[in-house]
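Structure, as structure tokens:
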Amino acid sequence: MTNKLGPYSDKVMDHFMNPRNMGEMEDPDGLGEVGNPVCGDVMRLYLRIKDGIILDAKFKTFGCGAAIATSSMVTEMLKGKTIEEAKKITNQAVAEALDGLPPVKMHCSVLAEEGLEAAISDYERKKGQIS
Amino acid sequence: MRKIFFDHISTTPTDPRVVEEMLPYFTSQFGNPSSLFYEHGQQAAKALEEARAKVAGLIGAEAQNIIFTSGATEANNMAIKGIAWANEDKGRHIILSDIEHFSVLFAAQALSRWGFEITRVPVDSYGIIDLGALKASIRADTILISIMHANNEIGTIEPIVEIANIAREKGILFHADAVGTVGIIPVNVGELGVDALTLAGHSFYGPKGIGALYLKQGIRIDPLLQGGFQEAGYRSGTENLPGTVGLGVVAQIAKEEMPSRIEHLLILRDLLWRGLSQRIQDIHFTGHPTQRLPGHVSFWVENAEGESLLLHLAFKGIELASGSACSSNIRGRTEEDLAASQVLTAIGVPSHICTGSLTISLGKDNNREEVEYFLEVFPGIVERLRAMSPWK
């Protein structure tokens, strides 16, 4: 972490103060909503997918600084990835991309990974129903 | 960037008048109060006893009943463990409230290895202890009741006189953690009827690292620290002389300035309370509306998380506290260290909602302009977070 004073790295604070891709999406191809019952955080992730490639990702999140920053970061990491590549994104990768998270906040990155899994399985379910 | 400090319940700046009086005791007046055969030691002992008298004067006690400690955590541990150990032949049951500070709760829980049992008494939705439940929890082997005077998170002031009466009738010792009230509102140990009482310097513009336990005449405790018999053997260890001098000075100042400070805090608190009620939708104030600390406003807002509120406010230079699960124990090492505030849970705020809680604790140096600045920026921060929330 570069910001040694507060609990969060500069990158976490940047994504928290200026979240990327925050908002809703009409008729998403994949929609995932996951929550953490312990702290009450909830993340909703919207995906626009064409020919197996994630073209756009948006999120809405209720939660702490780490929850919002990991939501923002995961949408950035998802864009342009294939479904197979996206499935390989782990919570550790999201946390690392943010220059780390305090140990007590690692579960927030799990929220991002679970949101991503939920949105992709929603997409695959919808696709299965169509074809 | 200018900083607005609204977290006086966590600590306060040391009054410069106090620092000035402390300084000689680091350098020229460096003596050890136990070294009574020469002047440096004699002067140190004199300063120590003068400070003790001033601290006693703030709470209506006799100087001989004040034991200096390293702070409130030590004083609370000393009271709980010291009274328990000294009375274990009479019984091993201790009663606390559901909203005690961790230094009371965990000190009591640590006694389980000596066979002590703890009962925690619930509070109502305002955070006031349930006196019926307190009476019902008393057993033949109850030796100690420990209830805080005012709660730090929700500002509620507990009915200490009633609790003391209940304890006295049953012959049970009563300790009050009065960190939130001593030096802030009038506290008189005789009028309250307590047997032991904890106070801390840094909660009312004194230095950190110094506190005291008031122990009523005739009450025995086993010391936590054994050694060279300082503090009448209750607390061995060379005294923190600059700290005790500082605590004495600040006690005297607090006593003199208390009425005007309270008046000032009540004006600011009402301004803050009214402004928040008018400007924030879905805001819920916590704690008792009238039986509360004068500079204290606590609340939670729906659909905005507490840590996120804190981070945005800090970005605007406003420093305050949250009982949010997400901001608790941020220095913890595992996720198990994260827990919703026990106080908010005790007053019946659902835990997933605890996340939106904030505590504003005003101080003597805050002013109207700072409160107005907060009221100006806070609604926008709440709106910004609500716009991000998946719930509408």
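The values are calculated or read from the model by the stated rules, or taken from the named source; none is laboratory data. Quick caveat, the model's predicted, so the values are computed rather than measured. Cβ atoms come from the backbone with ideal geometry, glycine included; neighbour counts cover every protein chain shown. The accessibility values were calculated without ligands, DNA or RNA, using every heavy atom of the protein model including side chains. Shrake-Rupley method; radii C 1.70, N 1.55, O 1.52, S 1.80 Å.
In segment B:163-235, which trypsin sites (Lys or Arg not before Pro) fall in coil by DSSP and have 16 or fewer other Cβ atoms within 10 Å?
When the trypsin sites (Lys or Arg not before Pro) of segment B:163-235 are filtered for loop state and at most 16 Cβ neighbours within 10 Å, B:170, B:208, B:220 remain.
Let me have the 222 nm mean residue ellipticity of the protein assembly as shown computed from DSSP H runs of 4+ only, each contributing -39500 (n - 2.57), with the sum over all residues rounded to the nearest 500.
Value at 222 nm, helices only, nearest 500: -12500 deg cm²/dmol.
Let me spell out the model: positive unit charges on the Cβ of Lys and Arg, negative unit charges on the Cβ of Asp and Glu, origin at the Cα centre of segment B:16-253. What dipole size does that give, in debye rounded to 20?
The calculated dipole for segment B:16-253 is roughly 280 debye.
Once you've got the GNM for chain A with C-alpha springs shorter than 10 Å, pick whichever of A:96, A:117, A:33 has the biggest mean-square fluctuation.
A:96
Heavy atoms only, probe 1.4 angstrom, no DNA, RNA or ligands counted: give me B:139, A:44 ranked by accessible area, highest first. Can you show the working numbers first?
On the way: B:139 85, A:44 50 Å².
Highest to lowest solvent-accessible surface, that is B:139, A:44.
Using θ = phi - 60° and the Karplus form 6.51 cos²θ - 1.76 cosθ + 1.60, what ³J(HN,Hα) does each residue of segment B:269-284 get, whole Hz, x for Gly and Pro?
Once θ is set to phi - 60°, the couplings for segment B:269-284 become 4, 5, 4, 5, 4, 4, x, 5, 4, 6, 9, 10, 7, 6, 10, 10 Hz.
Which value does Rg/Rh take for segment B:188-227 over its C-alpha atoms, Rh per Kirkwood?
A ratio of 1.04.
Can you order the peptides B:43-49, B:193-199 by their average number of other Cβ atoms within 10 Å per residue, highest first?
Details: B:43-49: 18.9, B:193-199: 27.3.
So the order, starting with the most tightly packed, is B:193-199, B:43-49.
Just to be sure I understand the curve: with the Debye formula and one point per C-alpha of segment A:26-122, what is log10 I(q)/I(0) at q = 0.15, 0.25 Å⁻¹?
Computed log10 I(q)/I(0) values: -0.49, -1.32.
Kirkwood-based Rg over Rh for segment B:124-262 (C-alpha set), two decimals? Numbers along the way, then the final one.
Details: Rg = 16.3 Å, Rh = 16.5 Å.
Using Cα coordinates only, the ratio equals 0.99.
Could you check which residue among B:259, B:294, B:159 shows the biggest mean-square fluctuation in a GNM of chain B with a 10 Å Cα cutoff?
The residue that fluctuates most here is B:259.
Place a +1 charge on the Cβ of each Lys and Arg in the protein assembly as shown and a -1 charge on the Cβ of each Asp and Glu, then give the dipole magnitude about the Cα centre in debye, rounded to the nearest 20.
Here the protein assembly as shown has a charge dipole of around 100 debye.
To two decimal places, what compactness ratio does chain B give when its Cα radius of gyration is scaled by 2.2 N^0.38 Å? Walk me through the numbers on the way to the answer.
Details: Rg = 21.6 Å, N = 392, 2.2 N^0.38 = 21.3 Å.
Rg over 2.2 N^0.38 Å, computed on Cα atoms: 1.01.
Return the aspartates and glutamates within reach of residue B:216: Cα separation strictly under 16 angstrom, same-chain partners fewer than 8 residues apart disregarded; answer none if there are no such residues.
Cross-link targets: B:62, B:177, B:191, B:195, B:231.
Tell me the label-point distance for the pair residue A:53, residue B:89, using the 7 Å Cα-to-Cβ offset, in nm and rounded to one decimal.
8.6
Which order do B:320, B:36, B:144 take when ranked by solvent-accessible area (1.4 Å probe, heavy atoms of all protein chains), largest first?
Working: B:320 20, B:36 95, B:144 0 Å².
If we order B:320, B:36, B:144 from most to least accessible, we get B:36, B:320, B:144.
Shape verdict for segment B:1-106, please, from the Cα gyration tensor: rounded (a/c under 1.5), prolate (a/b greater than b/c) or oblate. Could you put the intermediate results ahead of the total?
Numbers: a/c = 2.63, a/b = 1.24, b/c = 2.12.
It comes out oblate by the Cα gyration axes.
Between helix B:160-169 and chain B, what is the angle of the helix's C-alpha long axis to the longest principal axis, kept within 0 to 90° and rounded to the nearest 10?
On a 0 to 90 degree scale, this one is about 50.
I'd like the mean, over residues of A:61-74, of how many other protein chain beta carbons sit within 10 Å of each residue's own Cβ.
5
Pairs of alpha-carbon atoms within less than 8 angstrom and 6+ residues apart define the contacts here; what relative contact order does chain B have, in percent?
22
If packing is taken as the average count of other Cβ atoms within 10 Å, what order do B:248-258, A:79-89 fall into, highest mean first?
Per-residue Cβ counts within 10 Å, averaged per peptide and sorted highest first, yield B:248-258, A:79-89.
Just counting partner chain Cβ atoms within 10 Å, what average do the residues of peptide A:100-107 show around their Cβ?
That works out to 4 on average.
Treating only the Cβ atoms of Lys and Arg (+1) and Asp and Glu (-1) as charged, compute the dipole magnitude of segment B:222-310 about its Cα centre; round to the nearest 20 debye.
260
With contacts defined as alpha carbon pairs under 8 Å and 6 or more residues apart, what's the relative contact order of chain A in percent?
Here the relative contact order equals 30 percent.
Give the average, rounded to an integer, of partner chain Cβ atoms located within 10 angstrom of each Cβ in A:39-47.
Per residue, the average neighbour count from other chains is 5.
Under 28 Å Cα to Cα from residue B:316, which lysines show up? Leave out anything in the same chain fewer than 8 places away.
A:4, A:11, A:58, A:60, A:105, B:3, B:208, B:364, B:392
Running a GNM on chain B with Cα contacts under 10 Å, which residue among B:312, B:288, B:40 ends up with the highest mean-square fluctuation?
B:40
Checking the a/c ratio against 1.5 first, then a/b against b/c, what shape does the Cα gyration tensor give for segment B:244-293?
Taking the square roots of the gyration eigenvalues as a ≥ b ≥ c, segment B:244-293 is prolate.
Quick one: net charge around residue B:343, please, counting Lys, Arg +1 and Asp, Glu -1 for every other residue with C-beta under 10 Å from its C-beta.
Numbers: positive: none; negative: B:98, B:100, B:153.
Net charge in that neighbourhood comes out at -3.
What does the accessible area of residue B:315 come to, in Å² to the nearest 10, when a probe of 1.4 Å is used?
130
Share of antiparallel DSSP beta bridges in chain B, in percent to the nearest 5?
For chain B, the DSSP antiparallel bridge percentage is about 50.
Measure nothing but the geometry: give the 0 to 90° angle between the long axis through the Cα atoms of B:306-315 and the longest principal axis through the Cα atoms of chain B, rounded to 10°.
Compared with the principal axis, the helix lies near 90 degrees.
Tell me, what are the semi-axes, in whole angstrom and largest first, of the equivalent ellipsoid of the protein assembly as shown as set by the roots of 5 times the Cα gyration tensor eigenvalues?
With the √(5λ) rule applied to the protein assembly as shown, the semi-axes are 49, 25, 22 Å.
Compute the accessible area per residue over chain B, keeping the other protein chains in place, probe 1.4 Å, unit Å². Mind dumping the intermediate values first?
Details: 16280 Å² over 392 residues.
Per-residue value: 42 Å².
For residue B:263 and residue B:219, what does the FRET efficiency come to when R0 = 41 Å and r is the distance between their Cβ atoms, rounded to the nearest 0.05?
Working from the Cβ atoms, E equals 0.70.
I need the peptides B:58-68, B:114-124 ranked by packing, meaning the mean over residues of other C-beta atoms within 10 angstrom, with the highest value on top.
By packing density, highest mean first, the sequence is B:58-68, B:114-124.
Put +1 on the Cβ of each Lys and Arg and -1 on the Cβ of each Asp and Glu in segment B:148-261; which of B:245, B:163, B:189 then has its Cα farthest toward the positive end of the dipole?
B:245
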